[in-house]
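Undergrad: Got a structure for you, written out below as structure tokens; questions coming shortly.
The values are calculated or read from the model by the stated rules, or taken from the named source; none is laboratory data. Owing to the predicted nature of the structure, the values given are computational and were not obtained by experimental measurement. Cβ placement follows ideal geometry from the backbone for every residue including glycine, while neighbour counts extend to all protein chains displayed. Side chains are part of the model used for accessible areas, which takes the heavy atoms of the whole protein and leaves out ligands, DNA and RNA. Shrake-Rupley method; radii C 1.70, N 1.55, O 1.52, S 1.80 Å.
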Amino acid sequence: MLDSVMDVLQGFGVSSTNYLQSHYQDAKGLFLWVSWAADLRNTFFIFFPLWFHLRASVGIKLIWVAVIGDWLNLVFKWILFGERPYWWVHETPYYASSVRPHIEQYPMTCETGPGSPSGHAMGAAGVYYTLVTSILVFTASKKKHGSRKSNNTSRYLRVVLWTLFWAVQVCVCLSRVFIAAHFPHQVVAGVITGMLVAEAFNRTQWIYNASMKKYFYTTLFLTSFAVGFYLLLKAVGVDLLWTLEKAQKWCINSEWVHLDSTPFASLLRNMGTLFGLGLGLHSPLYTETKKSSSKVVKAACIVCTLVLLHLFDSFKPPTHTIALFYLLSFCKSATVPLVTVSIIPYCVGGAMGLHSKKAV
């Protein structure tokens, strides 16, 4: 019964992909760009540096929402065993008595992990929900008088922000369905779970003053749980990396199957980011930079961080040795928040302080 329901859902999903690709092929560039923009890498390399220097608490919450959300996404995918359209359409007996639909593949199609729930949809929902609710909290706290004008402004802002939020979610969902990376029910599940994770962290306060020990033990626990879960199921004959073979078999271009889209690459990338945030927040350099809150210094930090991280992102760990790739991915991810939180602000503050002394 469950298999029949899933076949119907997934058949509808393939039909949706086929319809979008047939009728909106001119929007291919937009859909591919949306999928790129919704990747969590842009949260770590763009949103986090920007918001951390503007409002440190928002930057910290963004990292926790993104990391914990993606970790939960990995666990859910391993439990739910979700198919992906680009390989399911070739293997299912659902089309035994009808013509098998043809769906196109793109460079971002060939994800190597299970498909449910959608990581892109879950990440985008969590990150943008965090941003919208944070902005609304700030504007509400700054409102000094309950005048009709200020209430109307607050209401308009709320409508605009939530309209933008849902517009982004719809675009991300359509994009993932268009490129045949996900079925519609998987992106809907991703949006819902992403919002739930973000709302949970809206009610969590300890992350803003967590000790280095908490960062270390949280990183260790999350990594150990995921690896232990994988090894336990493998010991009883369940291979949680069953999707790798399907991706390699059905992707029309082997170069589109990337090692950095594998479940363990995602896990170590996220754990490195969380650990690096802890290192940055508890660095003596960060203690020094907190003394300066100059808008000029913050603006300079934002510009320098975004430029440096853009250059740093061009470094791709070598893939010829898997263990080395995972290790370097962890180190690279840990460097991003460490540089953002402590090293760049310390260097910028020191340079501007030295310039001020020379000017005097």
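Undergrad: Does a label point 7 Å from the Cα of Ser294, set along Cα-to-beta-carbon, have any residues of segment 317-355 with amide nitrogen under 17 Å, and which are they?
TA: 344-355
Undergrad: If I fit a long axis through the Cα atoms of helix 2-23 and take the longest principal axis of the Cα atoms of the chain, what angle between them do I get, 0 to 90°, rounded to 10?
TA: The two axes meet at around 70 degrees.
Undergrad: Return the carbon/sulfur percentage of the accessible area of segment 5-84, one whole number, probe 1.4 Å, all protein chains in place. Mind dumping the intermediate values first?
TA: On the way: 2260 of 3350 Å².
Using a 1.4 Å probe with all protein chains present, segment 5-84 comes out at 67 percent carbon and sulfur.
Undergrad: Taking the alpha-carbon distance from Lys316 and a cut-off under 20 Å, which aspartates and glutamates remain once sequence neighbours fewer than 8 residues away in the same chain are dropped?
TA: Partners found: Asp39, Glu111, Glu255, Asp260.
Undergrad: Which value at 222 nm does the chain reach when only helices count, each DSSP H run of 4 or more adding -39,500 (n - 2.57), with the total divided by all residues and rounded to the nearest 500 deg cm²/dmol?
TA: Details: 15 runs with 255 residues, N = 360.
Value at 222 nm, helices only, nearest 500: -23500 deg cm²/dmol.
Undergrad: Post the alpha-carbon centroid distance, segment 213-266 to segment 160-184, in whole angstrom.
TA: Between the Cα centres of segment 213-266 and segment 160-184 lies a distance of 25 Å.
Undergrad: Right, here's the next one. Greater than 30 Å separation of Cα atoms is the criterion. Which listed pairs, Lys213/Lys332; Lys214/Lys290; Lys28/Lys249; Lys28/Lys234; Lys28/Lys298; Lys77/Lys290, meet it?
TA: Numbers: Lys213/Lys332 21 Å; Lys214/Lys290 21 Å; Lys28/Lys249 24 Å; Lys28/Lys234 39 Å; Lys28/Lys298 38 Å; Lys77/Lys290 40 Å.
Those over the limit are Lys28/Lys234; Lys28/Lys298; Lys77/Lys290.
Undergrad: Mind ordering 85-95, 41-51, 216-226 by average Cβ neighbours within 10 Å, highest first? Before the final figure, lay out each step's value.
TA: Numbers: 85-95: 18.0, 41-51: 20.7, 216-226: 15.6.
For the peptides 85-95, 41-51, 216-226, the packing ranking is 41-51, 85-95, 216-226.
Undergrad: What are the equivalent ellipsoid semi-axes of the chain, built from the alpha-carbon gyration tensor (square roots of five times its eigenvalues), in whole angstrom, biggest first? Kindly include the intermediate steps, with their values, before the conclusion.
TA: Numbers: eigenvalues 292, 128, 72 Å².
Sorted largest first and rounded, they come to 38, 25, 19 Å.
Undergrad: How much length is gained if the chain between Leu196 and Asp7 is pulled fully straight, taking 0.36 nm per residue apart and subtracting their Cα-Cα distance, in nm to one decimal?
TA: Values: separation 189, 0.36 × 189 = 68.04 nm, distance 2.75 nm.
Gain in length upon complete extension: 65.3 nm.
Undergrad: Nearest 10 degrees is fine. How inclined is helix 28-37 to the longest principal axis of the chain, computing both from alpha carbons?
TA: Tilt relative to the chain: about 50 degrees.
Undergrad: Run the simple label-point estimate for Val303 and Asn253 please: 7 Å along Cα→C-beta, distance reported in nm.
TA: Label-label distance for Val303 and Asn253, simple model: 3.7 nm.
Undergrad: Under a crude label model (7 Å from the Cα following the beta-carbon direction), how far is Asn151 from Phe229 in nanometres?
TA: Taking the two extended label points, one gets 4.7 nm.
Undergrad: With unit charges on the beta carbon (Lys/Arg positive, Asp/Glu negative), name the residue among Thr262, Ser342, Phe330 whose Cα is farthest towards the positive pole of the charge dipole of segment 242-360.
TA: Ser342
Undergrad: Taking 0.36 nm per residue of sequence separation and subtracting the Cα-Cα distance, how much length would be gained by fully extending the chain between Tyr208 and Ala96, in nm to one decimal? Intermediate results must be reported in sequence, preceding the final value.
TA: On the way: separation 112, 0.36 × 112 = 40.32 nm, distance 5.55 nm.
Length gained, Tyr208 through Ala96: 34.8 nm.
Undergrad: Once the Cα atoms of helix 148-178 and of the chain are each reduced to a long axis, what angle between those two axes, in degrees from 0 to 90 to the nearest 10, is obtained?
TA: Around 40 degrees separate the two axes.
Undergrad: Okay, next question. With θ taken as phi - 60° and the coefficients 6.51, -1.76 and 1.60, list the Karplus ³J(HN,Hα) couplings across segment 198-210 in order, rounded to whole Hz; mark glycine and proline as x.
TA: 4, 5, 4, 6, 5, 9, 10, 10, 5, 5, 7, 10, 5
Undergrad: Starting at the first residue of segment 266-276, write each ³J(HN,Hα) from the Karplus equation 6.51 cos²θ - 1.76 cosθ + 1.60 with θ = phi - 60°, in whole Hz, x for Gly and Pro.
TA: Each residue's phi maps through the Karplus curve to give 4, 4, 5, 5, 5, 5, x, 5, 5, 5, x Hz.
Undergrad: Now, a different point. Would you mind computing, in nm to one decimal, how far apart the modelled labels at Asp313 and Thr163 are, each placed 7 Å from Cα along Cα→Cβ?
TA: The two pseudo-label positions are separated by 2.9 nm.
Undergrad: How large is the accessible surface per residue of the chain, computed with a 1.4 Å probe and reported in Å² as a whole number? All intermediate terms of the calculation are to be shown ahead of the outcome.
TA: Working: 18310 Å² over 360 residues.
The answer is 51 Å² per residue.
Undergrad: Return, in residue-number order, each cysteine of the chain whose C-beta is not under 4.7 Å from any other cysteine's C-beta.
TA: Cys171, Cys173, Cys301, Cys304, Cys331, Cys347
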